[in-house]
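*Asks:* Below is one structure. I have some questions about it.
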Amino acid sequence: MKLSNKIQKIIFSLLLMILVIQLLSPVSFSIGAFEFETSVKFGTGGKTFIHFPPLGNIIASTHTPPIDFHLSLKNIHLEALSQYTKSISQESLMPENMLSEILVTIVKYLVSLLIFVFFLGMVASLLWSRGKIRIKEMLFTGLINIMVLLMFFSTSALTYDQEAFSQAEYQGILEAAPWVLSFLEEGAGIIEEIGIQFANVVDNISILQKEMEKNVISGEDISTLNVLHISDIHNNPTAFDFIGRIKDTFHVDLIIDTGDLVDYGTTFELDLLTQFIRQIHIPYVFIPGNHESPIVIEQLKTIENIIVLEEGIIEIEGLSIAGIADPASSSTAMVVADENLMEEAAQRLYETVAHAEKVDIIAAHNPLSFKYLRNNNNLLLGGHQHSPYIKKTDNYVEINAGSTGASGIRGVQKLEINYSLVLLKFQLSEEGALIPFSADLIKVKHFPLNFSFERFLFSD
């Protein structure tokens, strides 16, 4: 009877241990710019869950015992991230001490869990004996808890297979990850191939444009200004090959980028693109989009040829450009600004234009900012929608560059690789004013490769 009672007490203690572990909150810890949470839960598959909210999860069957390990990235401190990027080596994207710090922290957590279940076993023994203090039995039950949980941990460590992540399950936006990793393995060759294709496409577009201009431009001595409108690059480095070839072939004088250069608002992303931006060597006006963040905007301001237009009017290359940043760019959240914020931005942009003596171009990321400006023969440049268009009416022209970066990884994942931009030509009038003459919408599509060139004349 005593033996049966002891076994029942042990089972009760183990069941209580499993229940409490399931209910325990994750433990938080910070390493450098990153804030993590970790926890252990009893399950059925012996899996490791890595959570990247709001992007999704990576799940791998890594070990044998029926317990699951969870590691969540809860926050990235953007100010500290710049220091992190400086410590990245060419051999690894993770500083040498970071992985060891994570492992040490997780081991400390597991040890504290073992200590916790020991005392939990003692409490279980006390509950089973209805409050009677029997020190030996309490210590014995606590040790049983430790031994069982330690057996699970030890077996998990011995059977843990890191290679299981090569066949992991991806959830959320991260479903694109296996494709992206494969893409990156062949990245240099693919980028080079796309670059060659861009060269051929741009050459063909150049021939088309020259033939068209023979019939529409009278006289060879008319001074012109070529403005390239781009938008929504979304971390795609091949976009800059496209931009560079258009810039050189058509002698572009000025670039206007209506936002979403990056995806997640981190300086790490911008660092990867800065080398391409620095090669442009002409004025580059940038209007922040909803995927930018304050720290990205401040870093963009340090790049020599970039003029960040957050709100107001700038004069450059003889043009007066009014613009406003997307309201979401003032935070680190990867969201679209709500209706109230967009309404406020639209009103502020309208006031800016209404009080100006002259405005040649009005630029914003989200076309909702143009709510009160579709009149007075305004020329509006926007992005955000990833769908290029030129809308010409009797009293305004609205141009959307679509996505010069082919929607970034999202476009690549769906094989909807559609690059687009708009080349604007201004002519100098006899009075010395720059007058919009034409807008050329250029679209390049891959799979299969084809391109389109549409010309819109401002004056019929």
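The values are calculated or read from the model by the stated rules, or taken from the named source; none is laboratory data. Not measured: the values here are computed from a predicted model. Positions of Cβ are generated from backbone atoms using ideal geometry, with glycine treated the same way; all protein chains shown enter the neighbour counts.
Condition check ((1) touching a residue at least 60 places away in the same chain (Cβ under 8 Å); (2) in a helix (DSSP H, G or I); (3) over 18 Å from P367 (Cα atoms)) across all residues:
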| position | (1), (2), (3) |
| --- | --- |
| D263 | yes, no, yes |
| F268 | yes, yes, yes |
| T274 | no, yes, yes |
| P288 | yes, no, no |
| I295 | yes, yes, yes |
| I307 | no, no, yes |
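*Asks:* Mind checking which pairs have a first residue in region 421-438 that is in a strand (DSSP E or B) and a second that is small (G, A, S), Cβ under 6 Å, 6 or more apart or different chains?
*Replies:* Pairs found: L421/A401; V422/A401; V422/A439; L424/A439; K425/S438; L428/S223; L434/G318; I435/S429.
*Asks:* A follow-up question, please. With the structure loaded, tell me whether T155 is modelled with pLDDT of 80 or more, surrounded by 15 or more Cβ atoms within 10 Å (Cβ to Cβ) and touching a Gly at 6+ places or on another chain (Cβ under 8 Å) or whether it fails that test. Even if it seems obvious, please write down each step before you answer.
*Replies:* On the way: modelled with pLDDT of 80 or more: yes; surrounded by 15 or more Cβ atoms within 10 Å (Cβ to Cβ): yes; touching a Gly at 6+ places or on another chain (Cβ under 8 Å): no.
In short, no.
*Asks:* Sticking with this structure for a sec: Could you check region 393-402 and list, in sequence order, the residues that are in a strand (DSSP E or B) and either small (G, A, S) or touching a Phe, Trp or Tyr at 6+ places or on another chain (Cβ under 6 Å) (or both)?
*Replies:* N400
*Asks:* Which of the following residues is at pLDDT below 90, in a helix (DSSP H, G or I), closer than 22 Å to S39 by Cα and out of contact with any helix residue (DSSP H, G or I) (no Cβ under 6 Å at 6 or more places or on another chain): L174, L184, L113?
*Replies:* Step by step, each of L174, L184, L113 is checked, and only L174 is at pLDDT below 90, in a helix (DSSP H, G or I), closer than 22 Å to S39 by Cα and out of contact with any helix residue (DSSP H, G or I) (no Cβ under 6 Å at 6 or more places or on another chain).
*Asks:* Among (1) of a type outside the set (D, E); (2) in a loop (DSSP other than H, G, I, E, B); (3) more than 30 Å from G432 (Cα to Cα); (4) in contact (Cβ under 8 Å) with a residue 12 or more places away in the chain, where does A346 come up short?
*Replies:* (2)
*Asks:* Among the residues of region 328-365, write down those that are among the acidic types (D, E) and either closer than 20 Å to H234 by Cβ or buried (at least 18 other Cβ atoms within 10 Å of the Cβ) (or both). So that I can check it myself, show each step before the final result.
*Replies:* Within region 328-365, the subset among the acidic types (D, E) is 338-339, 343-344, 351, 357, 360.
Scanning region 328-365 gives a single hit, D360.
*Asks:* Scan region 309-323 for residues that are of a type in the set (D, E), assigned to a strand (DSSP E or B) and under 24 Å from the mean Cα position of the chain (by Cα) and jot them down.
*Replies:* Hit for region 309-323 is E311, nothing else.
*Asks:* Step by step: first the residues of region 276-286, then only those that are assigned to a loop (DSSP other than H, G, I, E, B) and in contact with a strand residue (DSSP E or B) (Cβ under 9 Å, 6 or more places away or on another chain), then the one that is surrounded by the most Cβ atoms within 10 Å (Cβ to Cβ). Which residue is that?
*Replies:* The qualifying residue surrounded by the most Cβ atoms within 10 Å (Cβ to Cβ) is I280.
*Asks:* Next question. Can you tell me which residues in region 356-384 are assigned to a loop (DSSP other than H, G, I, E, B) and touching a helix residue (DSSP H, G or I) at 6+ places or on another chain (Cβ under 7 Å)?
*Replies:* Filtering region 356-384 for residues assigned to a loop (DSSP other than H, G, I, E, B) gives 356-360, 365-366, 371-377, 383-384.
Result: V359, N366, K371, Y372, L373, H384.
Rundown of residues vs (1) at pLDDT 90 or above; (2) more than 19 Å from L261 (Cβ to Cβ); (3) crowded, with 20+ Cβ neighbours inside 10 Å, yes/no style:
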| position | (1), (2), (3) |
| --- | --- |
| G382 | yes, no, yes |
| S403 | yes, no, yes |
| L415 | no, yes, no |
| S438 | yes, yes, yes |
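*Asks:* A follow-up question, please. For region 1-44, give me the residue count where each residue is surrounded by 14 or more Cβ atoms within 10 Å (Cβ to Cβ) and either farther than 19 Å from L127 by Cα or among the polar types (S, T, N, Q) (or both).
*Replies:* Of the residues in region 1-44, 18 are surrounded by 14 or more Cβ atoms within 10 Å (Cβ to Cβ) and either farther than 19 Å from L127 by Cα or among the polar types (S, T, N, Q) (or both).
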